[in-house]
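Undergrad: So that we are looking at the same thing, I have put the structure below in structure tokens.
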Amino acid sequence: MRVSSILNTKGRDVICVAPDNTIAEAIAILTRHRISAVVVGGAGQIEGIFSERDVIYALAEEGESVLGERVSLYMTADVISCAPDDDLTEVMRTMTERRIRHLPVLEDRVLAGILSIGDLVKYRLGELENDAEALREYIAQA
């Protein structure tokens, strides 16, 4: 299965913040949308990812004064991405090995969506449920 199959189901909308948004503003966006990471950038371009982990690390280093700092100072700038045609098994392997919970999807170098580890788990559970149902039907017909 391919990344595009998940994007076609969940949608391709991505919540973004500007690099000069404050950490407090980014936290408000994360909270409002009930998500755990935002892409830093805009107009289909990625400058970084800012996640709950980045918030925790920033607070641990600087304390609450960090809330007024720019997201660009604490975002993950070295972003690993995938493409719509990438195999989901390989994407899961990359996320597991690199300990990444969010993976932007780029199509022709333009942001086309984002995958979370939760999206992959949900997809995989659906696959397992379909396999189990197929086995039940096979056994029932035997």
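Undergrad: Six or more apart or on different chains, Cβ under 7 Å: which pairs go from a residue in the range 69-80 that's under 15 Å from A37 (Cα atoms) to one that's part of a loop (DSSP other than H, G, I, E, B)? Could you list them?
TA: Going by the 7 Å Cβ cut-off, the qualifying pairs are V71/P19; V71/N21; S72/P19; S72/D20; I80/I100.
Undergrad: Could you tell me which residue of the range 28-48 is farthest from L111 (Cα to Cα), considering only residues that are buried (at least 16 other Cβ atoms within 10 Å of the Cβ) and touching a Leu at 6+ places or on another chain (Cβ under 9 Å)?
TA: So the residue we want is A37.
Undergrad: Right, here's the next one. If I ask for residues that are touching an Asp or Glu at 6+ places or on another chain (Cβ under 9 Å) and modelled with pLDDT under 95, which ones from the range 10-22 would you list?
TA: Hit for the range 10-22 is K10, nothing else.
Undergrad: What are the residues in the range 14-39 that are β-branched (V, I, T), assigned to a strand (DSSP E or B) and closer than 20 Å to D119 by Cβ, if any?
TA: Just the residues of the range 14-39 that are β-branched (V, I, T), to begin with: 14-15, 17, 22-23, 27, 29, 31, 35, 38-39.
Okay, now just the ones that are also assigned to a strand (DSSP E or B), so 17, 22, 38-39.
Passing the criteria: V38, V39.
Undergrad: Restricting the search to the range 1-13, which residues are surrounded by 14 or more Cβ atoms within 10 Å (Cβ to Cβ) and either part of a helix (DSSP H, G or I) or free of Cβ contacts under 8 Å to residues at least 60 places away in the same chain (or both)?
TA: The first filter runs over the range 1-13 and keeps only residues surrounded by 14 or more Cβ atoms within 10 Å (Cβ to Cβ), leaving 2-4, 6-7, 10, 12.
The answer is V3, S4, I6, L7, K10.
Undergrad: Being under 18 Å from K122 (Cβ atoms), surrounded by fewer than 12 Cβ atoms within 10 Å (Cβ to Cβ) and under 14 Å from the mean Cα position of the chain (by Cα), is that true of even one residue in the range 70-92?
TA: no
The values are calculated or read from the model by the stated rules, or taken from the named source; none is laboratory data. All values reported here derive from a predicted model rather than from experimental measurement. Methodologically, a virtual Cβ is constructed for each residue, glycine included, from the backbone with ideal geometry; neighbour enumeration extends over all protein chains shown.
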